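The values are calculated or read from the model by the stated rules, or taken from the named source; none is laboratory data. In this text the structure is predicted, and so the values were computed from the model without any measurement. Virtual Cβ from ideal backbone geometry, glycine too; neighbours counted across all protein chains shown. The accessibility values were calculated without ligands, DNA or RNA, using every heavy atom of the protein model including side chains. Shrake-Rupley method; radii C 1.70, N 1.55, O 1.52, S 1.80 Å.
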Amino acid sequence: MRFHGAMTMALCPEERSATIPPAAAATAALHGALLESRQRWQDLAGLSADFVFETDSAGRFSFLWPDHVLGHVSAGLLGRRAASLVLGTGPDPFDQRQAVRNHRVWVAGAGGQPRCLSLSLAPIGDTRGQFAGLRGAARDVTEEETATTVAAAGLRRAALLDALGEAVRHAGTAAEALVHGLTGLRDALGCAGTAMIVPGAHGPEIISPTTMVPPGLIEAATDALDSARDWVGRLDGRLPAALFHHHGRAPALSALAAWRAAGARDWDAEDLAVLRAMAATLGAVLGFRRLQAELEQQASTDGLTGLANRRAFLGSLAAAIGGRAGDAGGALFFIDLDNLKPINDRLGHEAGDAALRITARLLRDAAGDTGLAARFGGDEFTLWLPGVTEAEATARAEALIAAAAAQPCDHPAPQFSIGLAWRAPGAVEGAGLLVARADAALYEAKRSGRGRWHLAEPAA
């Protein structure tokens with residue numbers, strides 16, 4: 001290669017040479033440098049931001065890169081006010097006169113899809129130092145913001161559920177735990193009311209409502225319980241309401257109901273997550289409460305006859321009379337089946353059980369709504385009839401003996417001996433002494449031939 005003033009280059013193999021003017025070479029070098037600088041700028045911008053932009057002094061986009069921004073074609077946004085993309089009613093982030101970094105704002109992407117941007121902005125000045133617009137870089141941080149929001153919501157939800165759980169755990173009984181949980185849930189979510197709902201023989205039954213149940217809830221609960229599906233909607237087209245199931249086996253099946261006042265806001269995802277979690281918690285509490293009630297009933301009920309047992313009867317009798325003056329008095333019947341052993345020996349224990357159940361039915365009918373009947377043990381029964389006179393008591397004893405004898409022939413008819421102890425209104429005699437008098441009267445009735453009744457001597 002030879003140099004003769006101007007730049008020349010040998011062209012092999014012909015050895016012909018070309019001359020490149022100095023000005024053209026400099027222009028080419030400058031063009032190459034510009035291309036390289038532009039590529040460097042694009043690479044750096046692409047690494048640091050999802051898009052970059054400039055606005056003019058009126059806040060309109062005057063430059064956008066790359067060709068597509070948030071699903072929009074960049075050319076279609078040129079001349080449009082940047083603030084028109086902003087969602088919500090907060091301050092306009094594009095109305096800045098000083099540099100800001102990492103300012104987060106929700107904007108509308110293509111199709112109105114909300115996107116969260118992290119903006120870094122710097123003001124642009126003209127040759128006179130006047131504000132000429134903004135230069136900015138934006139990163140799409142929607143996923144990051146959503147994850148942060150979800151995490152924060154999860155922490156709030158966990159704290160709320162912990163607080164509600166504490167209220168439930170510190171209650172003294174299952175019934176109190178249910179009330180505390182429903183009340184706390186109502187207050188925490190700003191509900192008008194909450195309740196538990198369970199299937200009943202004649203439709204849904206409302207358990208522990210915190211306020212009056214609104215119209216339409218029973219109908220919504222009927223459909224939800226029948227289909228075993230959760231339900232979220234509006235009662236009467238006005239009240240936001242929700243039903244979430246606790247899918248336990250019967251009788252543990254239940255649903256948590258919550259409702260808001262007319263015009264109140266709808267449930268958000270966080271509300272529904274809390275309701276769904278509390279449906280399981282309160283459903284378990286309700287199931288435990290019902291189990292407690294069932295065990296208490298079993299502990300106080302005779303399994304064969306369904307009457308109160310000895311312990312329950314004595315407690316109820318003591319509560320009814322209490323040794324207090326001023327009560328209405330009444331009569332205590334101590335009843336013994338004279339023929340239970342012969343029935344068992346001749347017809348078998350199933351027949352004996354049938355005789356016991358017949359006796360229970362006769363005593364239950366005699367007790368009515370105000371009296372109390374019980375199986376005291378074995379073949380002994382008791383009956384308390386409050387407010388009856390002495391004459392009425394003896395007439396009832398005669399009627400019981402006649403009713404037993406009048407049982408159909410295909411039933412093992414029980415035969416009664418009855419001891420009667422009448423208690424005068426206002427007497428101070430306690431339950432123990434009253435039972436002892438009736439027991440002694442029963443002994444006298446059996447000694448005189450059975451199938452009879454005997455009235456005890458008056459209390460001393």
- Message: Sort 63-70, 376-383 by packing, meaning the average of other beta carbons within 10 Å per residue, with the highest value first.
- Response: 376-383, 63-70
- Based on the Cα gyration tensor of the chain, what are the three equivalent ellipsoid semi-axes, each the root of five times an eigenvalue, rounded to whole Å and given largest first? 96, 23, 17
- Query: Rg (Å, one decimal) plus Dmax (Å, integer) for the alpha carbons of the range 53-168?
  - Reply: 18.5, 71
- Item | Accessible area, probe 1.4 Å, largest first, for residues TRP259, TRP267 | TRP267, TRP259
- Note on the structure: Taking placed amide H atoms and a strict 5 Å upper bound, the residues 5 or more places from PHE63 or on another chain that come that close are GLU54
- Message: Ignoring ligands, DNA and RNA, please state the percent of accessible area on the chain from carbon and sulfur, probe 1.4 Å.
- Response: 56 percent
- Over the chain, give the accessible area per residue in Å² for a 1.4 Å probe, as an integer. 54 Å²
- Note on the structure: Rounded to a whole number, the Stokes-Einstein D of the range 384-460 in µm²/s (Kirkwood radius over Cα pairs; 25 °C; 0.890 mPa s) is 185 µm²/s
- Task: Could you pull out every whole DSSP H run in the chain that spans at least 30 Å of Cα extent along its own axis and averages -1.0 or higher on the Kyte-Doolittle scale?
- Result: 22-48, 142-169, 269-300
- With each label point set 7 Å from Cα along the Cα-Cβ vector, what nm distance links ALA110 and PHE131? 3.3 nm
